[in-house]
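Accompanying notes for the structure given below.
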Amino acid sequence: MPTILLVEDELTFAETLRYNLEREGYTVLTADDGVAGLELARRQQPNLIVLDIMLPRLDGFSICRILRQESDIPIIMLTARYDEVDRIAGLELGADDYIGKPFSLGEFLARVRAILRRSELQPRPLAREVLEAGALKVDTSSRRAWRNGSELSFPQKEFDLLTCLIRNHGIALSRDLLLERVWGLDFTGDSRTVDVHIRWLREKIEPDPSRPRYIQTVRGIGYRFEAPEG
């Protein structure tokens, strides 16, 4: 069964979540401060991290930011301050879901199952496929990409989003369609997730991210991939 890391400093609350997750059959690791949580995440590489925002020593936003530079481990963020600013901040840092306290155990467990299911069912190409567009080259089988011969590094969702865009070269894809194809039908986030990941992609593949040549914005719809000449 999957391993879940729970980083939460409210001990009674943490024990309640741990008990119910273990009843579902998951292996649960716990940490009650941010530094310990980050160390456990790096050392144990769990299948999912449930991460409180308000933590001693290192806050949840900082942990999420650090981990997103290192791995694609799914992250659910928890907070007692359920306002839009916090939610947007968490999503922009790369969190997969965001739950405001208090919440029902049924909803929490359903979201855990949904995220783990998406992670486990993430499709992988069976045959070698190399996509080329302008200065970009993407090998979907090895999940590697290059620009002008220099290798680029992409977390899982960024790579999958780039691959989806290149495969549909010249076609305007709506945000909802991109969410469905990259994040799955049961994704509980919103279209801003796509915008955030597009911004990150542009920072890596565009010569000038403020004037994108590859990923074009289609006003009122979503995005279209173009391969610039020269």
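Only the coordinates and a few stated rules stand behind these numbers; no lab work does. Model, not experiment: these values are computed from the prediction. For neighbour counting, all protein chains shown are included, and Cβ atoms are generated from backbone atoms with ideal geometry for every residue, glycine included.
Brief remarks follow.
- About the centre of its Cα atoms, segment 3-120 shows a dipole size close to 300 debye [charges on the beta carbon of Lys, Arg (+1) and Asp, Glu (-1) only; nearest 20 debye].
- Over 24 Å [Cα-Cα, segment 3-120], rounded percent: 14 percent
- 0 to 90° range, to nearest 10: angle between helix 156-167 axis and the chain longest Cα axis: 30 degrees
- Between G94, G60, G134, the residue with the greatest mean-square fluctuation in the GNM of the chain (Cα pairs under 10 Å linked by springs) is G134.
- Under-5 Å amide H pairs with R144, H placed in peptide plane, nonlocal only: D139
- Based on C-alpha pairs under 8 angstrom that are at least 6 apart in sequence, segment 3-120 has a relative contact order of 22 percent.
- Rounded to whole numbers, the Karplus 3J(HN,Hα) couplings from phi for segment 206-211 are 8, x, 9, x, 6, 10 Hz, using 6.51 cos²θ - 1.76 cosθ + 1.60 with θ = phi - 60°, and x at Gly and Pro.
- Under conditions of 10 °C and 1.306 mPa s, the chain yields 85 µm² s⁻¹ as its translational diffusion coefficient, taking Rh as the Kirkwood radius over Cα pairs in the Stokes-Einstein equation.
- Between 0 and 90°, nearest 10: helix 192-205 axis offset from the chain longest Cα axis: 50 degrees
- The sum of -39500 (n - 2.57) across all DSSP H runs of n ≥ 4, divided by the residue count of the chain, sets its helix-only mean residue ellipticity at 222 nm to -11500 deg cm²/dmol.
- Spatially, segment 169-206 and segment 47-62 are offset by 25 Å when compared through their Cα centroids.
- Taking 1.306 mPa s as the viscosity and 10 °C as the temperature, the Stokes-Einstein diffusion coefficient of segment 130-225 based on its alpha-carbon Kirkwood radius rounds to 118 µm²/s.
- Each Lys and Arg contributes +1 and each Asp and Glu -1, all at the Cβ; summed about the Cα centre of the chain, the dipole is approximately 800 debye.
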